[in-house]
1. Any aspartates and glutamates with Cα under 12 Å of the Lys353 Cα? List them, leaving off those in the same chain fewer than 8 positions away.
2. Among the aspartates and glutamates, which fall within straight-line cross-link reach of Lys135, defined as a Cα-Cα distance under 13 Å, with same-chain neighbours fewer than 8 residues apart omitted?
3. Can you give me the long-range amide H partners of Gly412? Hydrogens built in the peptide plane at 1.01 Å from N, cutoff under 5 Å, separation of 5 or more residues or another chain.
4. With only Lys, Arg, Asp and Glu charged, each at its Cβ (+1 for the first two, -1 for the last two), find how big the charge dipole of the chain is about the Cα centre; round to the nearest 20 debye.
5. Can you show me the helix-derived [θ] at 222 nm for the chain, built from DSSP H runs with n ≥ 4 at -39,500 (n - 2.57) apiece and divided by the number of residues, rounded to the nearest 500.
6. Please state the relative contact order of region 8-233 as a whole percent: Cα pairs under 8 Å, 6+ residues apart?
7. Using a cut-off of 25 Å between alpha-carbon atoms, which lysines can reach Lys214, once sequence neighbours fewer than 8 places away in the same chain are excluded?
8. If you count the DSSP beta bridges with both ends in the chain, what percent of them are antiparallel, to the nearest 5?
Amino acid sequence: MNLQDKDIKDWFASDITDAIKGGICSPKEIAQSYIDFVRTIDSGIDAWVQFEESVILKDIDEGINQKGSLAGVPLAVKDVFNTKDYMTQMGSDIWKGFTPGNNARVIDHILWEGAFIAGKTVTAEFAVHHPGKTKNPVNADYIVGTSSSGSAAVVSSGMSPIALGTQTAGSTIRPSSYTGIFGFKPTFGLIPRTGILKTLDTLDHVCLMAKTAKDIETCLQAARVRGTNHPFVNETLDKDIKENKSIRIAFVKTATWKHTKDYTKEALQSFISELSKYQEITIQELELGEELDLIHENHNLIYEKALSYYFKQEIEHHPDQISEIFKEMTDRGQEISTKTYHEGLRKQVNDIKIFDNMMLDYDFIITNSTSGIAPAIGDQQEPPDPCLIWTYLHAPSINIPLFNGPNEMPFGLQLVGSRYSDLQLIRMAEYIEERFIR
């Protein structure tokens, strides 16, 4: 690849590593190209909390792994991850100027493969609901989504080919759908969470964003846990769908289907019809059942209780620096008893078992990522969608940017796998991308 062959906003991580390993350009040339591009475009998007040219060039000068799988690739980091050279403020004025002095473990994993940190991206207050300043790069008249909004906007606009996000409900899949990119939420615990803002022990996931599924796979292989301390992961993750085996897919509407826009329903049905034409694919409709239809209610219960516990100090000592929506959530959480919270956690464990048994008959689930396109600015209420279901069930899911709705705004298909089928899931996304996108 030559720097002039492809517009910078369209570069994939693989383009960059190929160019560096092929001796076509240097890491410093790549970094400077991105710096120049960000300076040109970000004033209209406001996706970065911190973007420091001097820090980027210092890291490049100190040397990166030019033989790694992500050699020379800029990594955008949601501002809830600890970073040694940047502040970590978590979308809150309370933590303004906080410098942890270390990197989250996942960041070091990715840097070891040759990437460098491009900067920190805008997030919602404590990665929950109160939106940040970022504008949707597809159309600024529409929202981006909240928690991982900055990371989604950076990838969508081409300011970085890969980004780190998090998801406790729908914070990665949703903005990925709204901005037309791939967003991946792994199996719970597959990517280490050390050095990251905690909101809920049983729901927080580290997530990945990119413009192509292949870059998601490369980044996951760099970021994931591995080694003898994780024998089950090592044994199960690399299993693949056997050749000449029918790929069994369930189409699941979920209890949120009544909130789904008609154009989304039509797009999904049309895609399923086209995908069914492939000889190796079998698709049938599946209902989750009464127990799993109650997931939204139980998710809210354990989520709000945990927020009221983990952010007790901020609420008590800095009430004037807390948003109203966060106060409302934590006020409700304080009314939930410890006994009720523990019952909710037990229900979550039981629901995961129900889902695991269900997935013995299927390789993947197809559903919608969001109810439709992003809501317009001023209409901040996002209709219910299936995102948090798969977060709660600890199942891997990926947004595939397949569709356009009103005003040519994007929205995605959500593909879900059984727990620890992450690589199979991403490769199925690559299968779809190859046939329906590129």
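No value in this document is a laboratory result; all are computed from the given coordinates. Everything quoted here is computed from the prediction, not taken from an experiment. Cβ sites come from the backbone with ideal geometry, for glycine too, and all protein chains shown count toward neighbours.
1. Partners within reach: Glu291.
2. Of all the aspartates and glutamates, those that pass the test against Lys135 - Cα under 13 Å, at least 8 places apart if same chain - are Asp42, Asp46.
3. Distant-sequence amide H within range of Gly412: Ser369, Thr370.
4. Values: 43 positive and 60 negative charges, 127 e Å.
Dipole about the Cα centre, nearest 20: 620 debye.
5. Working: 15 runs with 164 residues, N = 438.
One gets -11500 deg cm²/dmol as the mean residue ellipticity at 222 nm.
6. Reported relative contact order: 21 percent.
7. Result set, ordered by chain and number: Lys6, Lys9, Lys21, Lys28, Lys67, Lys78, Lys120, Lys185, Lys239, Lys242, Lys245, Lys277.
8. Numbers: 27 of 44 bridges.
The answer is about 60 percent antiparallel.
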